[in-house]
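All remarks here apply to the structure that follows.
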Amino acid sequence: MAQNYFQKEIETMPLEEMRKLQSEKLVKQVKHVYENVPYYRNLMDEKGVKPEDIKGIDDLHKLPFLQKSDLRDAYPYGLLGTSLDNCVRIHSTSGTTGRRVVAFYTQNDIDLWEDCCARAIVAVGGTKKDVCQVAYGYGLFTGGFGLNGGSQKVGCLTLPMSSGNTERQVQFMNDLGATILCCTPSYAAYIGEYIKEQGIQPEDISLKAGIFGAEPWTEEMRKGIEKSLGIKAYDIYGLTESTGPGVAFECSEQTGMHINEDHFFAEIIDPDTGEVLPEGSKGELVFTSLDKEGFPLLRYRTRDICVLSREKCSCGRTLVKMAKPMGRTDDMLIIRGVNVFPSQIETVLLNEGYEPNYQIVVDRVKNNDTFEVNVEMTAEKFTDKVSEILKMEKSLANAMKTMLGINPTVRLVAPKSIARSEGKAVRVIDKRKLV
Ligand code: ADP
Ligand code: ZN
């Protein structure tokens, strides 16, 4: 396949030149952050690092890390890199206020982010002749707006469908001849199944490629989606803290995602010691935003476990590649695309007068995540009236929905019935085998 690039010079830049570019950007960015973000200046001062100590990318390791807890402590404006007057948009992850990440974007940030998404679309063969159906959610979630912007930059005819309403998705796909589909892999698989149920053959739809991410998915899932939709399925990675999707994207080789390292410098560290690991090691992925203005996070620990590789890629891109994330260093689950921490369930139980004796069971049935929470009944609340129990389950499910944004099935079970191993209950049973 003839290779197309959106920004060829950057995407195929020799490593030495890339390092020079990254170094220049980093020196400027560190100085800017030190002067404008008191929260990070304090962290640097505590570590005894001054902006002058950072002379290039090789000095990056001297800087302190940022973690999700810093985002919580600094919520909402503490890590803002410029005046709010210069910001034009906010995006946020789902979850409670305590865990919520709110990221700020200047017009320039949005422009660069859309470039990243445009690179991803061109890498899967997208051109201005394509019709790009964006079925990621639009709103605070970054997926919809990110790919929408990228699609328009490429010049594709963009269908801002947002997620849901599968019947309408498929109707538009058919009537308007969509050629590229962007959504979560689970939704892509769901659309594939829906099409089959409707008796539509994959060759009857005009889709040729899909860009799927925002949650973990397996090679088996990739094969299933490729077959059911008759397309090539490509991965895309991102996180709200760094912008959103498009931090890294897959090319025709489908063997990992090229990181847009002119904007995001990636390191792999030992999650226990914080030590930077050599290329090819498995560890926690850390990103430094080299030119973001609104939310310029330096050395942000993603908690994603991953491996980087600089092996030559047949697509001609020289950008470093990351493997599919292989798990997380924290206990965050991604259920139906929403970030869920067991501690959030615990908070709801305590608020509602239950003991924190519970078990989360997640599975994937027909490409849809199922989400059950089993909760031990307490002696005080005990009743054998079925209608009462159903009422209590419903009320707990509602409280969890308010906290998480997604609806679990809650089941009240007998006291002490949740298995404990070594005295400690197993909190999460994830049957999806995603990594
Ligand atoms: P988004 O929903 O834009 O992906 P969030 O900030 O809500 O952003 O979640 C980011 C997390 O989602 C990442 O840290 C990672 O764990 C997960 N993630 C995103 N893209 C992928 C992907 N392609 N494969 C596996 N996990 C992913
Ligand atoms: Zn490649």
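Conditions tested, residue by residue: (1) among the hydroxyl-bearing types (S, T, Y); (2) open to solvent by 20 Å² or more (accessible area, probe 1.4 Å); (3) out of contact with any strand residue (DSSP E or B) (no Cβ under 7 Å at 6 or more places or on another chain); (4) outside the structural domain of G238 (by TED's automatic domain parsing).
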| site | (1), (2), (3), (4) |
| --- | --- |
| L66 | no, no, no, no |
| R72 | no, yes, yes, no |
| V102 | no, yes, no, no |
| Q107 | no, yes, no, no |
| I110 | no, no, no, no |
| V122 | no, no, yes, no |
| S151 | yes, no, no, no |
| C156 | no, no, no, no |
| G164 | no, yes, yes, no |
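Looking only at the range 222-253, which residues are hydrophobic (A, V, I, L, M, F, W, C) and without any contact (Cβ under 8 Å) to a residue 60 or more places away in the chain?
Hits for the range 222-253 are I225, L229, I231, A233.
Among the residues of the range 169-195, write down those that are in a helix (DSSP H, G or I) and closer than 25 Å to K128 by Cβ.
Looking only at the range 169-195, we keep the residues that are in a helix (DSSP H, G or I), and these are 169-175, 185-195.
Selection gives Q169, V170, Q171, F172, M173, N174, D175, A188, I191.
Any idea how many residues of the range 1-23 are part of a helix (DSSP H, G or I), open to solvent by 50 Å² or more (accessible area, probe 1.4 Å) and in contact (Cβ under 8 Å) with a residue 12 or more places away in the chain?
2
Could you check, for the range 88-101, whether at least one of its residues is at pLDDT 95 or above and among the charged types (D, E, K, R)? Give the steps one after another, and end with the answer.
Within the range 88-101, the subset at pLDDT 95 or above is 88-91.
Retained after the next criterion (residues that are among the charged types (D, E, K, R)): 89.
Yes - at least one qualifying residue is present in the range 88-101.
Taking the range 304-322 only, how many residues are within 16 Å of ligand 2 (Cβ to nearest atom), open to solvent by less than 30 Å² (accessible area, probe 1.4 Å) and not β-branched (V, I, T)?
7
What tally of residues in the range 305-319 results from selecting those that are within 16 Å of ligand 1 (Cβ to nearest atom) and in contact with a Ser or Thr (Cβ under 8 Å, 6 or more places away or on another chain)?
Counting residues in the range 305-319 that are within 16 Å of ligand 1 (Cβ to nearest atom) and in contact with a Ser or Thr (Cβ under 8 Å, 6 or more places away or on another chain) gives 2.
Count, please, the residues in the range 208-221 that happen to be more than 16 Å from ligand 1 (Cβ to nearest atom) and without any contact (Cβ under 8 Å) to a residue 40 or more places away in the chain.
Of the residues in the range 208-221, 0 are more than 16 Å from ligand 1 (Cβ to nearest atom) and without any contact (Cβ under 8 Å) to a residue 40 or more places away in the chain.
On the basis of being of a type outside the set (V, I, T), open to solvent by 10 Å² or more (accessible area, probe 1.4 Å) and free of Cβ contacts under 8 Å to residues at least 60 places away in the same chain, does D115 make the cut?
no
Could you figure out which of (1) under 23 Å from L112 (Cβ atoms); (2) outside the structural domain of G150 (by TED's automatic domain parsing) isn't true of F265?
Every listed condition holds for F265 apart from (2).
For R328, which of the numbered conditions (1) in contact (Cβ under 8 Å) with a residue 60 or more places away in the chain; (2) within 16 Å of ligand 1 (Cβ to nearest atom) fails to hold?
Condition not satisfied by R328: (1).
The values are calculated or read from the model by the stated rules, or taken from the named source; none is laboratory data. Just so you know, these numbers come straight off a predicted model, no measurement behind them. Because the Cβ atoms are built from the backbone with ideal geometry, glycine has one as well, and the counts that use them run over all protein chains shown. SASA here: full protein model, heavy atoms, side chains in, ligands and nucleic acids out. Shrake-Rupley method; radii C 1.70, N 1.55, O 1.52, S 1.80 Å.
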